[in-house]
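Only the coordinates and a few stated rules stand behind these numbers; no lab work does. None of the values given here were measured: they were computed from a predicted structure. With ideal geometry, Cβ positions are generated from the backbone for all residues, glycine too; neighbour counts draw on all protein chains shown.
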Amino acid sequence: MSSVTVSVPAKVNLQLAVGGVRPDGFHELVSVFHAVSLYDEVTVTPADRLAVTCEGEGVGDVPLDHNNLAARAAILLADRLGREPNVGIHIRKGIPVAGGMAGGSADAAATLLACDTLWRGDTPRPMLRRLGAELGSDVPFSDLGGTAIGTGRGERLASVPTTARFHWVFALADGGLSTPAVYGECDRLRASAGEPVGPPEPRAELIAALRAGDAHALGANLVNDLQPAALSLRPALAATLAAGMAAGAVGSLVSGSGPTCAFLAPDRETAHLVAERLTGSGTCRAARVAFGAVPGARVLPRRVVPVERENTV
């Protein structure tokens, strides 16, 4: 094969319940992941050495060295397969960078699948997800897609079956938020308030709404324990959340560690209206419409470029 391209979706956390800090330094989590139709595409091509290139909005904030999760994914898989990670990795960004929608994790999951396909590793997908968990807590879900409950650090997944399509609007902010900084602020706010931290649990009403396909009930049960911390670090997000709800959303929350804000709409038409009003509100940089749940990482068919034939006499 000359190259392999993998498409991989963004995620929104419908619930992010944050427990206490574990001995390994991570927080115990319960996360209800939901894959949505904003995509990155990762193309891997044989090369003399490992290299990363990127295109799309926000690429100035994407590292192009071995700190990039996609590069680390190629190195990890190559080590497991007993070969050199000599590929060019090209990332085409459609997922907001540093926006709380797991763009870096998505690129890592896509790179694992693309490299395994290119190198004919025939690694089972569950094994690719286990490798992904070594890179980051969100990487396994980026491969799985759909809707799933994540436990532990978020890497242990159980799918939530639902046939409903939910309509979303994502309000993009200027600049990103550091995930470690948001978790640190969450810990600080809880300590200042003397707030007890119990074991995280999935919200039963939210799971029931997902299974029933009830957008109004789902919107009423969206929750993110990191949202107070994100608002503390970026107070302007409160105006964004208020504007989206005033525009007709049935639920809202900061996505993951932020600063992207997610709005659930009751239908496709309302989603476009919410996006239009958010764009005109002056409270966000841009708004994008998407739907979920969608499948996880998948290999795209090879693009065949037609060759013009010369007429000869």
- Query: What percent do you get for the relative contact order of the stretch 159-240 when only Cα pairs under 8 Å and 6+ apart count?
  - Reply: 44 percent
- Item | Cα gyration tensor category, rounded, prolate or oblate, for the stretch 113-233 with a/c compared to 1.5 | oblate
- Message: Only four residue types carry charge here, +1 at the Cβ of Lys and Arg and -1 at the Cβ of Asp and Glu. Report the dipole size of the stretch 258-303 about the Cα centre in Debye, rounded to the nearest 20.
- Response: 380 debye
- Message: Rounded to the nearest 20 debye, what is the charge dipole size of the stretch 4-161 about its Cα centre when +1 sits on each Lys and Arg Cβ and -1 on each Asp and Glu Cβ?
- Response: 380 debye
- Mind jotting down the distance between the C-alpha centroids of the stretch 174-209 and the stretch 213-229, whole Å? 13 Å
- Task: Would you work out which of Ala239, Ser2, Gly154 lies farthest towards the positive end of the dipole of the chain? Charges go on Cβ: Lys and Arg +1, Asp and Glu -1.
- Result: Ser2
- Counting pairs of alpha carbon atoms under 8 Å apart in space and at least six apart in sequence, what relative contact order in percent does the stretch 4-161 give? 29 percent
- Let me know the Rg and Dmax you get for the stretch 215-260 when you use only its Cα atoms, in Å. 10.5, 30
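Below 11 angstrom from the Cβ of Val250, what's the summed charge of the other residues (Lys, Arg +1; Asp, Glu -1)?
Numbers: positive: none; negative: Asp214, Asp267.
For residues surrounding Val250, the net value is -2.
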- Task: May I ask for the distance between the Cα centers of the stretch 79-102 and the stretch 247-269, given as a whole number of Å?
- Result: 27 Å
- Among Val294, Pro140, Tyr183 the positive-end extreme of the charge dipole of the chain (Cβ point charges): Val294
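At a threshold of 8 angstrom on Cα-Cα distance, excluding pairs fewer than six apart, so keeping six or more, what relative contact order does the stretch 166-292 reach in percent?
42 percent
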- Task: Would you mind getting me the FRET efficiency between Ala238 and Thr163? Use the beta-carbon distance for r and R0 = 25 Å, nearest 0.05.
- Result: 0.10
- Item | Rounded FRET efficiency, nearest 0.05, which uses the C-beta distance separating Ala246 from Ala217 and R0 of 30 Å | 0.90
- Message: Which residues among the stretch 15-29 fall inside the zone where the amide N is under 20 Å from a point 7 Å beyond the Cα of Ser178, along Cα→Cβ?
- Response: 21-22, 25-27
- Two-site FRET efficiency, Arg302 against Arg268, from Cβ-Cβ distance with R₀ of 41 Å, rounded to 0.05: 0.80
- Message: Can you give the log10 of the normalised intensity I(q)/I(0) at q = 0.17, 0.20, 0.23 Å⁻¹, computed with Debye over equal Cα scatterers of the stretch 201-313?
- Response: -0.89, -1.12, -1.32
- Using a 10 Å Cβ count of at most 14 others and DSSP loop calls, identify the longest part of the chain lacking such GluC sites (Glu not before Pro). 58-307
